[in-house]
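Just below is one structure, and these are the notes that go with it.
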Amino acid sequence: KKSEPAATYEQGSRPLFSDDSAWLAVTIAKSPTELKKEKKAGDKAPKSAGQTVKLRRLKDGETTELKNVGTFSFSADSRFAAMEILPKTSGAPKPGETTPGKVLIIRELASGRDTSFGNVVRYAWSDRGALMAMVVDSPSISNTLQVFDPARGNLRTLESNEQNYTALVWREDAM
């Protein structure tokens, strides 16, 4: 059996392996040249949103590049990944202007199929399997606590009200 060649990621940092060691996510930091350009341009230059993440399937070396990623995590069963995608920035918002919310993308790793959710404030994978709890903050529906089952494609609303949810923690006997 021929092994895949080793991969090198310049400016790679924060490697994250899926629990089954089938996937690797590496955050790509800005190069010293890019950092110098940004520093020289100061506040005039538009700031890039998020980081670039390289997602690599280790059995065949197939790699996908993901842009504008804020946070990234694998589900406990290693079948899915969650990516918080940050909106592209175009400088400071004007008074009275609202900024776009964050988008959460759940990717089925085997197929590459994505499901996206807008205005996600917080999210957390269950400790077992692949259930995703999330808080959605939308002007039209207030704060909504939802659970998404990506394996079945089911989305369940648990509660919706004016309350602010400060943290999401799964109980051991949850779902």
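Laboratory data are not the source of any read-out in this text; all were calculated from the coordinates shown. Values in this document were obtained by computation on a predicted structure and should not be read as measured data. Here the Cβ is made from the backbone with ideal geometry for all residues, glycine too, and neighbour counts use every protein chain on show.
Applying the Karplus relation 6.51 cos²θ - 1.76 cosθ + 1.60 with θ = phi - 60° to region 16-33 yields 3J(HN,Hα) values of 9, 9, 5, 4, 8, 6, 8, 10, 10, 10, 10, 7, 9, 7, 6, 6, x, 5 Hz, where x marks Gly and Pro. With the simple spin-label model, which puts each label point 7 Å out from Cα in the Cβ direction, the Thr63 to Asn154 separation comes to 3.9 nm. With each label modelled as a point 7 angstrom along the Cα→C-beta vector, the Lys30-Glu10 pair spans 1.7 nm.
Applying the Karplus relation 6.51 cos²θ - 1.76 cosθ + 1.60 with θ = phi - 60° to region 63-75 yields 3J(HN,Hα) values of 10, 10, 9, 10, 9, 6, 7, x, 9, 8, 7, 9, 6 Hz, where x marks Gly and Pro.
Rounded to the nearest 0.05, what FRET efficiency do Lys37 and Ser142 give with R0 = 45 Å and r taken as the Cβ-Cβ distance? Could you check? Display every interim value, and only then the final one.
Details: r = 42 Å, r/R0 = 0.94.
The formula returns an efficiency of 0.60 here.
Summarising the amide proton neighbourhood of Ala22: residues at separation of 5 or more, or on other chains, whose placed amide H is nearer than 5 Å comprise an empty set.
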